Amino acid sequence: MIMKGFFEKIVEFIDRNNKIIIKSALTVLGIILIGIFIMFTADNFSVGSESNKLVGYIEKRNYSEAISYYDKIKEEFSDTKMNRLSKSLSKKVNKILVTYGDKYIKGEIGKDYFISLINIINELDTVYIDTDSIINQAKRVNDLYLQEKISYNTAMGYIQAVSTLKISKNEIYVYAKKIDVIEDSRKVYNEGVENQNKKMYKEAIEDFDKVITDDKRYYELAQDKKEECIKEMYDYYVEMAKTENKNGNYQKALEYIDYLKQYYLDDDELDSLSSEFEKNLEMYNMTNEEVIQLISKKSGIDVADLKANIFQQMLNGSKYYYAETFVGKDKIDEFLIDPRNKKVYSYLDEQKSYNNRYGDGHWRAASNGTVEFTISKSTAQSILEKKLSEKNEKFKYVTIEDKEKSLKYVDKPEVVNKFIGKKYDIYYYAVVNRGFFKSKEVYLINPYSKEIYKVDENSVNKV
């Protein structure tokens, strides 16, 4: 009964003071909510303030201050508060990355500046990096490089910098590879231009063919340059081929013509030159073994005993083989071999002779640097006969004899020996028969100069 009376009084009190009670309750609730709001706002203000302070350190690249302050916050903040800080800081850091990435791309800051920012950010282990924004910026860098709006160094500098971020690198590396491929392609293009300027058209065309189609502008430039090379190289390579042919480099001459024929089909001039050079290559092509075998055949010396230093030499537009020939350590001759007719010429002049008479003739190096060959015995005979006829001297016939036999018709052989002196004897000896009961006369003929000398009783005189 007592409790019932108590509750009845309370109900009666509430009914009587209903408005006052509601107003008071709302007041208390409002005070509580305001308190909670103030606490939440203060907490958020603290998070925002701390993140702003950290961002300030980052942008100023104060590495030690940023890291020290970040470590201090982690110690002081609760997990909940730290999560809110990380979210706030992540948004601002990602904005920094994109903003300063753009500044680096535009050249407003250097690579070191950009990397130092990233180094600080990498130390903030609770910060989330927006990988998509980095990949999008990397793609833009790739596009800018492709459009030649930034350099290779700038493009790769960006890629290298962001690749140090603690994110998945796969897509970043894809753009790095693309940039490298484009750079290599452009280097090849530039090398092609250099080769074209040097008239190295074959090499230039090979370079232009390597320019990739993905680099559309440079690919089109390369194709235009290739067409220029094809037009420019015709006359130049034909001239080069003729020069190589003249110098005895028949294989090289053919290579020039064969290369041109890839681009100039059914060209009569090229076909004619190709045929000429192929014949020369076949005609003048002797191996070292073939040269030695020919010398062995002419000299009668066994192939096994012969050694030779063999070089090609062009003389009057024709190729010869020079063979410095040895038996053991002894040099036996310096031969010139004509591959067209397989004739072998031994060296002979007034200062040097190997005393070989088994060749097809002799040769010497003249004082002016040219090579001279001896005339044949029959030619020497004809020259003397013509000279005698011009002088109206009657004769029955002329023969070319060896020295020993010729000197039998000379009263004083010492006259000839005195004329030769200490020099090597290079002369042909001609015996003129003037008929019965007339003395035979002896003439000396220089096989190089074609000069004629008559042997008289006490002297040798030029005719």
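Here Asp271 clears all of (1) modelled with pLDDT under 95; (2) surrounded by fewer than 16 Cβ atoms within 10 Å (Cβ to Cβ); (3) farther than 16 Å from Tyr347 by Cα except the condition numbered (1). Could you pull out the residue among Asn245, Asn153, Asn142 that is in a helix (DSSP H, G or I) and loosely packed, with under 14 Cβ neighbours inside 10 Å? Checking each option against the conditions leaves just Asn153. When you look at Ile337, is it assigned to a strand (DSSP E or B) and modelled with pLDDT of 90 or more, yes or no? So Ile337 passes the test.
If you go through region 190-213 one residue at a time, do you hit one that is among the hydroxyl-bearing types (Ser, Thr, Tyr), closer than 20 Å to Gln147 by Cα and either surrounded by 14 or more Cβ atoms within 10 Å (Cβ to Cβ) or modelled with pLDDT under 95 (or both)? Within region 190-213, not a single residue is among the hydroxyl-bearing types (Ser, Thr, Tyr), closer than 20 Å to Gln147 by Cα and either surrounded by 14 or more Cβ atoms within 10 Å (Cβ to Cβ) or modelled with pLDDT under 95 (or both). Looking only at residues of region 59-82 that are in a loop (DSSP other than H, G, I, E, B) and basic (Lys, Arg), we find that the one that is modelled with the highest pLDDT is Lys60. Quick check on Glu404: is it more than 60 Å from the chain's Cα centre (by Cα), in a helix (DSSP H, G or I), closer than 24 Å to Tyr358 by Cα and among the charged types (D, E, K, R)? Against the criterion (more than 60 Å from the chain's Cα centre (by Cα), in a helix (DSSP H, G or I), closer than 24 Å to Tyr358 by Cα and among the charged types (D, E, K, R)), Glu404 qualifies.
Here Glu239 clears all of (1) at pLDDT below 95; (2) closer than 30 Å to Tyr321 by Cβ except the condition numbered (1). Give me the residue from region 408-463 that is outside any strand (DSSP E or B) and among the β-branched types (Val, Ile, Thr) and, out of that set, nearest to the chain's Cα centre (by Cα). Filtering first and then ranking leaves Ile426. All conditions but one from (1) aliphatic (A, V, I, L, M); (2) modelled with pLDDT of 95 or more; (3) in the same structural domain as Asn136 (by TED's automatic domain parsing) apply to Ala161; the one that does not is (2).
Residue by residue, here is whether (1) more than 15 Å from Val93 (Cα to Cα); (2) free of Cβ contacts under 8 Å to residues at least 12 places away in the same chain; (3) among the aliphatic types (A, V, I, L, M); (4) not assigned by TED's automatic domain parsing to the domain that holds Leu54 holds:
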residue: Ile105; (1), (2), (3), (4): yes, no, yes, no
residue: Gly110; (1), (2), (3), (4): yes, yes, no, no
residue: Tyr128; (1), (2), (3), (4): no, no, no, no
residue: Ile134; (1), (2), (3), (4): no, no, yes, no
residue: Leu146; (1), (2), (3), (4): yes, no, yes, no
residue: Lys149; (1), (2), (3), (4): yes, yes, no, no
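Looking at this structure, is Glu404 outside the structural domain of Asn316 (by TED's automatic domain parsing), within 19 Å of Ser439 (Cβ to Cβ), of a type in the set (D, E, K, R) and without any contact (Cβ under 8 Å) to a residue 40 or more places away in the chain? Taking the combined requirement at face value, the residue satisfies it. Looking at Lys225, Lys216, Lys178, Lys210, just one residue is more than 30 Å from Asn280 (Cβ to Cβ) and outside the structural domain of Leu273 (by TED's automatic domain parsing), and that residue is Lys178. Residue count for region 311-334 under the criterion of being buried (at least 18 other Cβ atoms within 10 Å of the Cβ) and either part of a loop (DSSP other than H, G, I, E, B) or not hydroxyl-bearing (Ser, Thr, Tyr) (or both): the result is 5.
Of the residues making up region 248-258, those that are within 19 Å of Met286 (Cβ to Cβ) and either among the polar types (S, T, N, Q) or assigned to a helix (DSSP H, G or I) (or both) are Asn249, Tyr250, Gln251, Lys252, Ala253, Leu254. Here the condition is being in contact (Cβ under 8 Å) with a residue 12 or more places away in the chain, among the aromatic types (Phe, Trp, Tyr) and surrounded by 15 or more Cβ atoms within 10 Å (Cβ to Cβ); of Tyr397, Tyr409, Tyr358, it holds for Tyr409 alone. Considering Lys319, Lys343, the condition of being more than 40 Å from the chain's Cα centre (by Cα) and of a type in the set (Lys, Arg) is satisfied by Lys343 alone. Kindly evaluate Lys307 against the criterion of being surrounded by fewer than 19 Cβ atoms within 10 Å (Cβ to Cβ), farther than 20 Å from Tyr448 by Cβ and modelled with pLDDT of 95 or more. Against the criterion (surrounded by fewer than 19 Cβ atoms within 10 Å (Cβ to Cβ), farther than 20 Å from Tyr448 by Cβ and modelled with pLDDT of 95 or more), Lys307 qualifies.
The values are calculated or read from the model by the stated rules, or taken from the named source; none is laboratory data. What you see is a predicted model; the values in this text were computed from it and never measured. Backbone-built Cβ (ideal geometry, glycine too); neighbour counts: all protein chains shown.
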